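The values are calculated or read from the model by the stated rules, or taken from the named source; none is laboratory data. These numbers were taken from a predicted model, which means no experiment stands behind them. Cβ atoms come from the backbone with ideal geometry, glycine included; neighbour counts cover every protein chain shown.
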Amino acid sequence: METDYLVVGAGASGLAFADALIAGADVEVTLVDRRPAVGGHWRDAYPFVRLHTPSAYYGVDSIPLGEDRLDVEGFYERASGPELHRYFDAVAAQLDASGRVRLLTGHDHLGVEAGVHLVRDRRTGIDQRIAVRRKVVDARYLEASVPATHSPTFDVAPGAPLIGIHKLPDVVRPGAVYSVIGAGKTAVDACTWLLGHDVAPDHIRWIRPRDAWFHDRREFQPLDQVGATMAGIALDAEAAAQAGDLDDLLGRLEDGGRLLRIDPSAPASMYRAAMLSGAELEALREIDHVVRLGRVRRIEADRVLLERGQVAAGTSVIHVDCTARGLNDAPAQPIFQPCRVVLQQVRHNSPTFNAALIGHLEARGGTDADNNRLCPPNPYPRSILDWPRMCATTWRAERGWAADRELSAWVAGTRLNLLAAVRDRAAGPPVREAVARFVAHVGAAVEHLDRMQPPPSEGGDR
């Protein structure tokens, strides 16, 4: 078999890249994925998961996701797991119907031998050789670690009642006490699901090795609510331009509501760009039993051993493991390389936008050096120490896009751009004023953020 591009990984990013690539170039693309259907980690997600961001700017550029409905809190809808499965099935059907995309699901990519790539059908065991005429695209470099395929990093004694979050709906019973282990979005989802299914807050114990910073969901909304989103970004730039150091910056962002802590009295170091709504934040603050004794080392039938102590666990306690890594904070490497593309984050918190952007640039042509200047890799954050680097990288990249007329038009027009609605609503006072504030401060903000970045040995609480 021969192909122009071999995309290894048919998750959301691999699909968004392929969709943008064939929209701009007459090429043949082959996608390989070990799962039996496209969609990546969404095929393994827990049953009550929802998209973290609004559906309006997620997926592939050519097919809208959802109907831009508002939820009960007044925010744009976020697709459920089953909705995402149906969406990715539709994406696969459209790519297949193009006649230029071949989907090899249920296949392992075994590597390259004498310049030819080898894949194996997981059902039949038959190997197939693929010659790549142009480039191999690594869409697995930032592959997420999800609860269903995650193994705990701590010891579990035989008989200790530990489950993954995906099993939670199967074990809810009257009188049980739930010990939620983890500090990030998955733990938040577990706690909010329990609270929403009539589990009293005093029946939830939350083992949080670190406290985390969160964003307010209302400031990451598209379309008619893009004014609030632009105002939040303007606040980021203004705070960064005026802050004397990182502590001052965080204080300004928290005072402005841009960053949130579940417990404002507890120091927070973890930052994974997760979002909470006001209602979610209020509900989570009802959980008083929070254990801050470091990471779990071992779970036994009657106790939990942690780095700095232990807590008792009776027979009614069900431990819920929410410690899967989630976002992969792999080190940055050039995105465009000779005969290779490595999909990574460029604009923060925009995974499918980034993949489509990279696909568009690959289709447009140009040198790897020029494309890398437009797409500097921007690793996912792990700690709040990563916030300055993350935002500075995004704002530098956006400045380069604005200077490229063709690319600027593509960015403004793609539905995957969170800020796509800014252009159509620029005349309205909220958007106009927010854009003016951002433009006035972003230059100084980038300079200040460069000075706030810690040395490489200290970057991120890992």
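Only residues that are over 24 Å from P381 (Cα atoms) and without any contact (Cβ under 8 Å) to a residue 60 or more places away in the chain were counted in the stretch 308-336, giving 5.
With S179, S151 as the choices, which residue is modelled with pLDDT of 95 or more and of a type in the set (S, T, N, Q)? Checking each option against the conditions leaves just S179.
Looking across the stretch 293-334, the residues that are part of a loop (DSSP other than H, G, I, E, B) and touching a helix residue (DSSP H, G or I) at 6+ places or on another chain (Cβ under 7 Å) come down to C322, A324, P334. Scanning the stretch 384-432 for residues that are free of Cβ contacts under 8 Å to residues at least 24 places away in the same chain and closer than 16 Å to G232 by Cα, we see that the one that is surrounded by the fewest Cβ atoms within 10 Å (Cβ to Cβ) is P429. Taking the criterion of being in a loop (DSSP other than H, G, I, E, B), of a type in the set (G, A, S) and free of Cβ contacts under 8 Å to residues at least 60 places away in the same chain, the only residue of the stretch 1-56 that qualifies is G39. Figure legend. Inter-residue proximity from the stretch 224-243: first residues within 19 Å of A273 (Cβ to Cβ), second residues of a type in the set (V, I, T), beta-carbon distance below 8 Å, spacing 6+ or different chains. Indicated pairs: V226/V422; V226/V431; M230/V422; M230/V431; M230/V435; A234/V435; A237/V442; A240/V446.
Going through (1) assigned to a loop (DSSP other than H, G, I, E, B); (2) buried (at least 17 other Cβ atoms within 10 Å of the Cβ); (3) more than 28 Å from the chain's Cα centre (by Cα) one by one, G59 falls short only on (3). Answer with yes or no whether L449 is more than 30 Å from G66 (Cβ to Cβ), at pLDDT 95 or above and either among the polar types (S, T, N, Q) or in contact with a helix residue (DSSP H, G or I) (Cβ under 8 Å, 6 or more places away or on another chain) (or both). Yes, satisfied. Against the conditions (1) crowded, with 18+ Cβ neighbours inside 10 Å; (2) in contact with a Ser or Thr (Cβ under 6 Å, 6 or more places away or on another chain); (3) closer than 22 Å to D386 by Cα, R325 satisfies every one except (1). Number of residues in the stretch 142-161 that are in a strand (DSSP E or B) and either hydrophobic (A, V, I, L, M, F, W, C) or in contact with a His (Cβ under 7 Å, 6 or more places away or on another chain) (or both): the value is 1.
Every residue, every condition in (1) farther than 19 Å from Y141 by Cα; (2) surrounded by 24 or more Cβ atoms within 10 Å (Cβ to Cβ); (3) among the aromatic types (F, W, Y), yes or no:
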position: M1; (1), (2), (3): yes, no, no
position: G9; (1), (2), (3): no, yes, no
position: A12; (1), (2), (3): no, yes, no
position: V27; (1), (2), (3): yes, no, no
position: G66; (1), (2), (3): yes, no, no
position: D71; (1), (2), (3): yes, no, no
position: Y76; (1), (2), (3): yes, no, yes
position: A79; (1), (2), (3): yes, no, no
position: Q94; (1), (2), (3): yes, no, no
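Rundown of residues vs (1) of a type outside the set (S, T, N, Q); (2) loosely packed, with under 14 Cβ neighbours inside 10 Å; (3) at pLDDT 95 or above; (4) assigned to a loop (DSSP other than H, G, I, E, B), yes/no style:
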position	(1), (2), (3), (4)
A234	yes, no, yes, no
A237	yes, no, yes, no
G244	yes, yes, no, yes
L250	yes, no, yes, no
P264	yes, yes, yes, yes
A268	yes, no, yes, yes
R272	yes, no, no, no
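Given the conditions (1) outside any loop (DSSP other than H, G, I, E, B); (2) under 30 Å from G111 (Cβ atoms); (3) free of Cβ contacts under 8 Å to residues at least 40 places away in the same chain, and given that V137 satisfies all but one, which numbered condition is not satisfied? That leaves (3) as the condition not met.
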